[in-house]
Amino acid sequence: MDKPNEVTVQNYKGWEEFYNIEKSNKLDFFLYNGRMIDVLFSQQFDRQFLNNMSQLATQIRRMALTKMGARKLSGLLSHKRAMLYFVQPSTRTFISFLNACHILGMKISEIRGTTTSSEVKGESQEDTIRTFASYVDLIIIRHPEAGFAEKTAWLLNQNKQPVAVINGGSGPDQHPTQALLDIYTLERSFRNIGGMDGKKIAMVGDLKRGRTVRSLSYLMRNYKDVTLYFVAPEVFHMKDDIKSFLKKHEIEFHETDDFASVMPHVDAIYMTRIQKEYSEAPAQETEIYPEFHFTKEHLSVIQSHCIIMHPLPRRYEIEVEVDKDPRAVYWKQERNGMWMRAALISYIFGVDDEIAAEFQ
Ligand code: NCD
């Protein structure tokens, strides 16, 4: 076929109404027998859940060190199949989910773009998803539309046999599994200095379109006395929805474009890149903002325990010479993603108890 057919648009009654319900009022819809099976947005996670996931990630990490432990892990979900449907570019999220599935012994299938699926023939997105559901037990989705993963869960939960759905990045909106691995990284880094409570965290860069900082901000309601510093140029300020959420939950935050003044006071600096792919006028958009870069000179300015994070990929926000400093944790953070995603999948399928039992 030379030219793809236009994708069929189907009208699903009830979806718009469901999508407009406030997130905190529809959490039960994503449970099955009392267990979360669809992981779609960060507002689904409470502190107990975050603590449990971090503990489980560490247990999996430890078990995977030995051949016996790894063998045990790989038998846990050998009867389950997962579909990775990634129609937006991805390196880490895709590979870490893939390896998380491997660790647990799951079989996987993948689609990495709409050009090789029947969407070229004009099949609707919803029918495409239903097709996956015929074959697998879990669908992991990265998609440019904010509500697509949620719509998938909404559709599939109307079936008797539920299929779990995980959001691996929904346009410029959310990236809940990144938020989980970010919390895990923060908690691990702060384990000798009292954990997350009372910490000051700077988020730097494109806060307007960066889904990672948005999802992570929502999680702050689970910790005591956290202060956020949103450091961004005027055009990339954090959006009002997040700011209203923080106000509602009485979480202190400050907005500034003066990175240098914030650096010496914070416990963590979370760097992000400019998300140019969402630009309406990419040719006119400035891509490089040196005042918002972290350089090796800054290493002497920050506190001795202050960690530097980045969801990656990076552009010019962090100089490579910073990588050698033990406070630069972004490569660890990346690896943490695999353990955390394995933890999440084992929780969804209810084999977390079998892992915990190894440590009793
Ligand atoms: C991030 C993403 O895709 O939102 N990457 C990731 O998943 N680790 C950050 C980004 O692309 O800038």
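Quick one: which of Lys247/Lys276; Lys151/Lys276; Lys224/Lys247; Lys107/Lys151; Lys296/Lys324; Lys200/Lys243 span more than 18 angstrom between C-alpha atoms?
Lys247/Lys276; Lys151/Lys276; Lys107/Lys151
Amide H to amide H, which residues 5 or more places from Glu110 or on other chains are under 5 Å from it, using H placed in the peptide plane?
Those lying under 5 Å, H to H, from Glu110 are Leu84.
List, largest first, the extents of the alpha carbons of the stretch 205-360 along their principal axes, each in whole Å.
Computed over the Cα atoms, the extents are 54, 37, 35 Å.
For a quick check: with amide H placed at 1.01 Å from N, whose amide H comes under 5 Å from Glu123's, ignoring anything fewer than 5 positions away on the same chain?
Answer set, sorted by chain and number: Thr8.
Quick one: which residues, 5 or more positions from Phe294 or on another chain, have an amide H under 5 Å from its amide H? H modelled 1.01 Å from N in the peptide plane, none for Pro or chain starts.
Excluding prolines and chain starts, which carry no amide H, the hits are Ile318, Glu319.
Can you give me the Cα centroid spacing of the stretch 135-162 and the stretch 234-266 in angstrom?
After rounding, the separation between the Cα centres reads 32 Å.
Compare the peptides 109-117, 270-278, 37-45 by average per-residue count of other Cβ atoms within 10 angstrom and give them in order, highest first.
Result, highest mean first: 37-45, 270-278, 109-117.
To the nearest 20 debye, what charge dipole does the chain have about its Cα centre, counting +1 at the Cβ of each Lys and Arg and -1 at the Cβ of each Asp and Glu?
1380
Can you work out ³J(HN,Hα) from phi for every residue in the stretch 201-213, in order, using Karplus 6.51 cos²θ - 1.76 cosθ + 1.60 and θ = phi - 60°, giving whole Hz and x for Gly and Pro?
Taking θ as phi minus 60°, the curve returns 10, 9, 10, 10, x, 8, 7, 6, 10, x, 6, 5, 5 Hz for the stretch 201-213.
Based on DSSP, what percent of beta bridges with both residues in the chain are antiparallel, to the nearest 5?
Bridges in the chain are about 10 percent antiparallel.
Could you tell me the relative contact order of the chain? Use alpha-carbon pairs under 8 Å, at least six residues apart, and round to a whole percent.
19
Could you work out the Rg to Rh ratio of the chain, with Rh taken as the Kirkwood radius (inverse of the mean 1/r over all Cα pairs)?
0.96
Give a residue-ordered list of calculated ³J(HN,Hα) values for the stretch 149-156 (Karplus: 6.51 cos²θ - 1.76 cosθ + 1.60, θ = phi - 60°; whole Hz; x for Gly, Pro).
After applying 6.51 cos²θ - 1.76 cosθ + 1.60, I find 5, 5, 5, 4, 5, 4, 5, 6 Hz.
Return the FRET efficiency for the residue pair Leu27, Glu145: r is the Cβ-Cβ distance, R0 is 25 Å, and the value is rounded to the nearest 0.05.
FRET efficiency, Leu27 to Glu145: 0.70.
What does the helix-only formula give at 222 nm for the chain: each DSSP H stretch with n ≥ 4 adding -39500 (n - 2.57), the total divided by the residues, and the result rounded to the nearest 500 deg cm²/dmol?
Result for the chain, helices only: -10500 deg cm²/dmol.
Highest first, please rank the peptides 236-245, 55-64 by the mean number of other Cβ atoms sitting within 10 Å of their residues.
55-64, 236-245
Heavy-atom accessible area per residue, the chain, 1.4 Å probe: how many Å²?
46
Do any GluC sites (Glu not before Pro) in the stretch 182-262 lie in a loop, going by DSSP, with at most 11 other beta-carbon atoms within 10 Å of their beta carbon, and if so which?
Glu250
Hey, how many Å between the Cα centroid of the stretch 323-351 and the Cα centroid of the stretch 21-82?
Taking the Cα centre of each part, the stretch 323-351 and the stretch 21-82 sit 13 Å apart.
Per 10 Å bin, what percent of the C-alpha pairs of the stretch 212-272 does each bin hold, from zero upward?
Final binned percentages: 20, 58, 22, 0.
The values are calculated or read from the model by the stated rules, or taken from the named source; none is laboratory data. Values in this document were obtained by computation on a predicted structure and should not be read as measured data. Positions of Cβ are generated from backbone atoms using ideal geometry, with glycine treated the same way; all protein chains shown enter the neighbour counts. SASA here: full protein model, heavy atoms, side chains in, ligands and nucleic acids out. Shrake-Rupley method; radii C 1.70, N 1.55, O 1.52, S 1.80 Å.
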